[in-house]
Amino acid sequence: MTRTQLIDAEWEFIGPFLPVGRFGPYPERLREQFEGVIWCFPTGSQWREMPERSAAWQTVYNRFMRWRDAGVFQALLEALITEAARRDKIDMTLVSVDSTTTRAHHDAAGMRVSEETLAALEEAASQIRGAGEEQDGQDGKSDPGPAERRRTRQRRRTRLTAALLGRSRGGLTSKIHLAADRRCRPMALILTAGQATNSPQFIPVLNKVRVRLPVGRPRIRPAAVAGDKAHSSRANRAHLRKRRIKAVIPEKRDQAANRRKKGSRGGRPVTHDARLYRDRNTVERAINRMKAWRGIATRYDKTPESYLAGLHLRAATIWISSLLKPNDHNRRQALGRHESDNLARA
């Protein structure tokens, strides 16, 4: 898939999922508007820098916001996974889980917070101010400086929490937790702040793995799940054992030492299939494919919803490329015809 255009085979997957209003004429440049969204995330450019051959950047941005709020990109990703299952091109024998940290550009800071959150902030700040006055007061006099500084820090922390941004040594960061199949294709995505650990997000990511079939219940249980030592915990292993899923997760050294220290009360030694664990690199390769887009490798969006929509869009393009792989020759021919048609119209 190119940055600036879609071929007809790719548009056949995307077009049915774009809502258009109940009234008014059908947008004639809907395809070009979607191509503008695709151009923005791979390049990491601002919306107003969109080339003139696409639609107006205000129109493309408004379309993107409507599609984001309607859940179009997530629905597109789920539909492509369903289509791959219908074509018998999905492998559930092993699902790998991992995470990656993305640096946030300074443009990602300063997200607007809703009035309800601001009201809660004011209430929390007033309580802190009252406690500070009681603590810092002396002879009926109080120093409003420390209380005001605490209020400012609390407001900044709340804004970062709402934006799913974490402050670390390298600056503001976000973390992407994802699960991928054995063909390096993302199946589930979760966005958290950068300081979030991997182990608590292991179960939520697995619960998002859902392969809908034409008939019957969706498949939500892979045969085996691979993860690195950061996902090793009793809760995660118990969850996999309860769902009858094979755990391919090595044990940490400190966990093994504590288990041996307890003797028979520590339980059985933890083992994992080393042969299956070799295929855990598929999720790392999926992360590399996701970060091939500059707008994904670095977060430029203020709101987590916009950045998560870009993640779903990138994952959907990976699935589309996978579904069209057998027709690479026809795809190149169609791309050449599309380019010649554009030149003829120009």
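The values are calculated or read from the model by the stated rules, or taken from the named source; none is laboratory data. Please read these numbers as outputs of a predicted model, since none were measured by experiment. Here Cβ is always computed from backbone atoms with ideal geometry, including for glycine, and neighbour counts include all displayed protein chains. Calculation scope for accessible area: heavy atoms of the full protein, side chains included, ligands and nucleic acids excluded. Shrake-Rupley method; radii C 1.70, N 1.55, O 1.52, S 1.80 Å.
Identify, please: which residue in region 220-229 is touching a Ser or Thr at 6+ places or on another chain (Cβ under 8 Å) and not in a strand (DSSP E or B) and is, among those, farthest from residue 302 (Cα to Cα)?
Filtering region 220-229 down to residues touching a Ser or Thr at 6+ places or on another chain (Cβ under 8 Å) leaves 222-227.
With not in a strand (DSSP E or B) added as a condition, the list becomes 222-223, 227.
Working: 222: 35, 223: 38, 227: 30 Å.
Among those that are touching a Ser or Thr at 6+ places or on another chain (Cβ under 8 Å) and not in a strand (DSSP E or B), it is 223.
Output the qualifying pairs, or none if there are none: Cβ atoms under 8 angstrom, residues six or more apart or on different chains, first residue in region 179-200 and without any contact (Cβ under 8 Å) to a residue 60 or more places away in the chain, second residue hydrophobic (A, V, I, L, M, F, W, C) and part of a loop (DSSP other than H, G, I, E, B).
Short answer, once both residue conditions are applied: 188/209; 192/164; 193/164; 193/165.
Of the residues that make up region 185-194, is at least one within 21 Å of residue 310 (Cβ to Cβ), part of a loop (DSSP other than H, G, I, E, B), touching a helix residue (DSSP H, G or I) at 6+ places or on another chain (Cβ under 9 Å) and open to solvent by less than 70 Å² (accessible area, probe 1.4 Å)? Outline the logic, then answer.
Initial filter on region 185-194 (within 21 Å of residue 310 (Cβ to Cβ)): 185-194.
From what's left, part of a loop (DSSP other than H, G, I, E, B): 185, 194.
Narrowing further to those that are touching a helix residue (DSSP H, G or I) at 6+ places or on another chain (Cβ under 9 Å): 185.
Now drop any that are not open to solvent by less than 70 Å² (accessible area, probe 1.4 Å), which leaves 185.
Looking for residues that are within 21 Å of residue 310 (Cβ to Cβ), part of a loop (DSSP other than H, G, I, E, B), touching a helix residue (DSSP H, G or I) at 6+ places or on another chain (Cβ under 9 Å) and open to solvent by less than 70 Å² (accessible area, probe 1.4 Å), one finds at least one in region 185-194, hence yes.
Out of curiosity, is residue 10 surrounded by 20 or more Cβ atoms within 10 Å (Cβ to Cβ), within 24 Å of residue 82 (Cα to Cα), touching a Ser or Thr at 6+ places or on another chain (Cβ under 7 Å) and modelled with pLDDT of 90 or more?
Values: surrounded by 20 or more Cβ atoms within 10 Å (Cβ to Cβ): yes; within 24 Å of residue 82 (Cα to Cα): yes; touching a Ser or Thr at 6+ places or on another chain (Cβ under 7 Å): no; modelled with pLDDT of 90 or more: yes.
Here the answer is no, as residue 10 does not meet what is asked.
How about region 41-63: which of its residues are closer than 26 Å to residue 289 by Cα and more than 25 Å from the chain's Cα centre (by Cα)?
Listed by number, the residues that qualify are 51, 54.
Which ones in region 197-212 are in a loop (DSSP other than H, G, I, E, B), open to solvent by 60 Å² or more (accessible area, probe 1.4 Å) and not basic (Lys, Arg)?
Listed by number, the list holds a single entry, 197.
How many residues does region 273-308 hold that are assigned to a helix (DSSP H, G or I) and either on the phi > 0 side of the Ramachandran plot or open to solvent by 40 Å² or more (accessible area, probe 1.4 Å) (or both)?
Counting residues in region 273-308 that are assigned to a helix (DSSP H, G or I) and either on the phi > 0 side of the Ramachandran plot or open to solvent by 40 Å² or more (accessible area, probe 1.4 Å) (or both) gives 13.
In this structure, is residue 73 outside any loop (DSSP other than H, G, I, E, B), within 30 Å of residue 280 (Cβ to Cβ) and out of contact with any Pro (no Cβ under 7 Å at 6 or more places or on another chain)? Quick ask: steps written out before the conclusion?
Working: outside any loop (DSSP other than H, G, I, E, B): yes; within 30 Å of residue 280 (Cβ to Cβ): yes; out of contact with any Pro (no Cβ under 7 Å at 6 or more places or on another chain): yes.
Against the criterion (outside any loop (DSSP other than H, G, I, E, B), within 30 Å of residue 280 (Cβ to Cβ) and out of contact with any Pro (no Cβ under 7 Å at 6 or more places or on another chain)), residue 73 qualifies.
Looking at (1) touching a Pro at 6+ places or on another chain (Cβ under 8 Å); (2) farther than 22 Å from residue 295 by Cα, which one does residue 164 not meet, given that it meets all the others?
Just one mismatch for residue 164, condition (2).
Pairs under 8 Å by beta carbon, first residue more than 14 Å from residue 273 (Cβ to Cβ) and of a type in the set (Val, Ile, Thr) in region 214-226, partner open to solvent by 40 Å² or more (accessible area, probe 1.4 Å) and part of a loop (DSSP other than H, G, I, E, B), six or more apart or different chains?
From residues that are more than 14 Å from residue 273 (Cβ to Cβ) and of a type in the set (Val, Ile, Thr), the pairs are 220/210.
Evaluate the following for residue 217: is it modelled with pLDDT of 85 or more, open to solvent by 90 Å² or more (accessible area, probe 1.4 Å) and either outside any strand (DSSP E or B) or within 30 Å of residue 89 (Cα to Cα) (or both)? Working first, answer last.
Numbers: modelled with pLDDT of 85 or more: yes; open to solvent by 90 Å² or more (accessible area, probe 1.4 Å): yes; either outside any strand (DSSP E or B) or within 30 Å of residue 89 (Cα to Cα) (or both): yes.
So residue 217 fits the description; yes.
Could you please find all residues in region 252-272 being touching a residue at least 12 places away in the same chain (Cβ under 8 Å), open to solvent by 40 Å² or more (accessible area, probe 1.4 Å) and not β-branched (Val, Ile, Thr)? Please lay out each step first, then the result.
Here is the first cut: in region 252-272, the residues touching a residue at least 12 places away in the same chain (Cβ under 8 Å) are 252, 255-256, 269-270, 272.
Among the residues that remain, those that are also open to solvent by 40 Å² or more (accessible area, probe 1.4 Å) are: 252, 255, 269-270, 272.
Of everything in region 252-272, those that are touching a residue at least 12 places away in the same chain (Cβ under 8 Å), open to solvent by 40 Å² or more (accessible area, probe 1.4 Å) and not β-branched (Val, Ile, Thr) turn out to be 252, 255, 269, 272.
Under 7 Å between Cβ atoms, which residue pairs at least 6 apart in sequence (or on different chains) link something in region 41-70 that is within 17 Å of residue 105 (Cα to Cα) with a partner that is open to solvent by 90 Å² or more (accessible area, probe 1.4 Å)?
Cβ pairs passing all conditions: 42/3; 42/294; 43/3; 43/294; 44/294.
Quick check on region 166-180. Is at least one of its residues closer than 30 Å to residue 91 by Cα, open to solvent by 10 Å² or more (accessible area, probe 1.4 Å) and not in a strand (DSSP E or B)?
no
Quick check on region 105-164: of everything there that is modelled with pLDDT under 60 and outside any helix (DSSP H, G or I), which residue is surrounded by the most Cβ atoms within 10 Å (Cβ to Cβ)?
Within region 105-164, the match that is surrounded by the most Cβ atoms within 10 Å (Cβ to Cβ) is 142.
Tell me the residue from 254, 273, 279 that is among the charged types (D, E, K, R) and either at pLDDT below 85 or touching a helix residue (DSSP H, G or I) at 6+ places or on another chain (Cβ under 8 Å) (or both), please. Break it down into steps so the answer makes sense when it comes.
Numbers: 273 fails: either at pLDDT below 85 or touching a helix residue (DSSP H, G or I) at 6+ places or on another chain (Cβ under 8 Å) (or both); 279 fails: either at pLDDT below 85 or touching a helix residue (DSSP H, G or I) at 6+ places or on another chain (Cβ under 8 Å) (or both).
Result: 254 is the single residue among 254, 273, 279 that is among the charged types (D, E, K, R) and either at pLDDT below 85 or touching a helix residue (DSSP H, G or I) at 6+ places or on another chain (Cβ under 8 Å) (or both).
Considering (1) within 30 Å of residue 80 (Cα to Cα); (2) surrounded by 15 or more Cβ atoms within 10 Å (Cβ to Cβ), say which one residue 223 fails and leave the rest.
Only one criterion is unmet by residue 223, namely (2).
Go through region 72-104 residue by residue and tally those that are open to solvent by 30 Å² or more (accessible area, probe 1.4 Å) and either without any contact (Cβ under 8 Å) to a residue 12 or more places away in the chain or not small (Gly, Ala, Ser) (or both).
Residues in region 72-104 being open to solvent by 30 Å² or more (accessible area, probe 1.4 Å) and either without any contact (Cβ under 8 Å) to a residue 12 or more places away in the chain or not small (Gly, Ala, Ser) (or both): 12 in total.
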